[in-house]
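Below is one structure; the comments refer to it alone.
Read the figures in this text as sums done on the coordinates, not as results from a lab. Only a predicted model underlies this, so the values are computations on that prediction, with no experimental measurement involved. Cβ coordinates were reconstructed from backbone atoms using ideal geometry, including for glycine residues, and neighbour counts include every protein chain displayed.
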Amino acid sequence: MDIRQIGIIGAGTMGNGIAQAFAICGFDVTMTDISAAAVQRGLKAVDGSLERLVKKEKLTAEAKAAALGHIKTATDVNAVRGSDLIIEAATENLDLKLKIFAQLAELAGDTAILATNTSSISITRLAAATKLADRVIGMHFFNPVAVMQLVELIRGLQTSDATYAAVAAVAKKIGKTPVQVKNSPGFVVNRMLCPMINEAIFAFAEGLASVEEIDNAMKLGANHPIGPLALCDLIGLDVELAVMNVLFEGFKDPKYRPAPLLVEMVEAGYLGRKAGRGFFNYAK
Ligand code: NAD
C-alpha cells in the first residue's frame, strides 16, 4: 500500500514533531487534538522548529512555507477519515488509547493502517480493541522527532506482514531508520532507558549527588549526549512514570518500581520542560 495521506491524533510534543517530519517530506497531514488551543500550540511548535532550521540554513523559507501548507488541523477526530496511515500520539493512558482506537476503527475504512506512538502500551491489546487488528502497529518515534533517527516498529500478535512492510517503507521515506521489535512492555529502547532514568531519580532522592552532578557524571563518564535527569525533563516526567508503571505491571518485577520522588513530582505538576519545571527550571 502506498501511504500518502497521514492523520495524527494528538498535537503535543510527539504529535507535532511527527506532523513536521511527514509534512517536510511532502506528505499531507491532518493533525487533531481535543481543543483549538492544543492544536494551535502544536502548530506553533512546528512553525518554531521549522524557523530554527531556516535560521541554520538547513531549510529554505519556501520549503518551510510548503511544509506548513501540508498540515491541516482539526479538533474533531473524524477529520482523519480518508487518511492512509493514522498515527495516534495522544496522552500515554491505556483507557484513553483504547477509546481512541475504537473510534479510529470506525472511521478507518477498508485499507487505512492504525499506528500508535505509545511508549509502552501493548500493541496487541490496542489492536484487539479494533475490528482491524491486522492493520494495527506500533510506530514509536523518539524525541525530538526532527533529530532522532530511530523508529521502533512494534508488531502485535495480529499485525500483518503487509502492514509492517507499508509502515517500514513510509518510515524510510521520511528519512528514519525502522527497527522491527516484538510487542513487549517498553519495547527495546524504553525497557533499558526508562529504568536508567528511574535509577538516576533514586540516586538523586538518596542524596548521592546533585541533579547537575548526576547528569554530568553520565555525560562525561558514559558519553551520553544528555544527562538522565535532563532527558527525563525532555521526555516528560508523566511519560517516564507511565512507562515505569507499564514495565512494573507487565513484568511483575520490583526492579521496575517507579522512584517515589518521580511519583511525587508528577503529583506536583513538575512534568519537565513542557511544564517549565522538572529536575531543572525552565521558567524564563
Ligand atoms: P503530550 O502531553 O505532549 O501530548 C499529548 C497530546 O494528546 C495533548 O496535546 C493532549 O491534549 C492530546 N490528547 C489527549 N486526549 C486526546 C484525544 N482524545 N484526542 C486527541 N488528542 C488528545 O504527550 P507526548 O509526549 O506528545 O506523548 C504522546 C504519546 O507519545 C504518548 O503515548 C507517549 O508515550 C508517546 N511518546 C512520547 C515521547 C516523549 O519523549 N515525550 C517519546 C516517544 C513516544
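Residue separation of D161 and K58 scaled by 0.36 nm, minus their Cα-Cα distance, works out to 33.5 nm of gained length. Restricting to Cα pairs below 8 Å that are 6+ residues apart, what does the relative contact order work out to for the chain? Please round to a whole percent. Averaging sequence separation for qualifying contacts and normalising by length gives 14 percent for the chain. Highest mean first, the peptides 50-57, 14-21 sorted by other C-beta atoms within 10 Å per residue fall in the order 14-21, 50-57. Available extension along the chain between K252 and N281 is 7.0 nm, counting 0.36 nm per residue and deducting the alpha carbon span. Loop-located trypsin sites (Lys or Arg not before Pro) in the stretch 85-182 (DSSP state other than H, G, I, E, B) with a sparse environment of at most 15 neighbouring Cβ atoms within 10 Å: K131. Note on the stretch 190-275: with charges restricted to the Cβ of Lys and Arg (+1) and Asp and Glu (-1), its dipole about the Cα centre is near 280 debye. In the chain, helical runs assigned H by DSSP with n ≥ 4 each contribute -39500 (n - 2.57); averaged across all residues and rounded to the nearest 500, the mean residue ellipticity at 222 nm is -14500 deg cm²/dmol.
Translational diffusion of the chain, estimated by Stokes-Einstein from the Kirkwood radius over alpha carbon pairs at 10 °C in a medium of 1.306 mPa s, is 82 µm² per second.
Among the GluC sites (Glu not before Pro) in the stretch 131-223, those placed in a DSSP loop whose Cβ has at most 15 other Cβ atoms within 10 Å are E206. About the centre of its Cα atoms, the chain shows a dipole size close to 500 debye [charges on the beta carbon of Lys, Arg (+1) and Asp, Glu (-1) only; nearest 20 debye]. Taking 0.36 nm per residue of separation and subtracting the Cα-Cα distance, full extension of the segment from K182 to A169 would add 2.9 nm.
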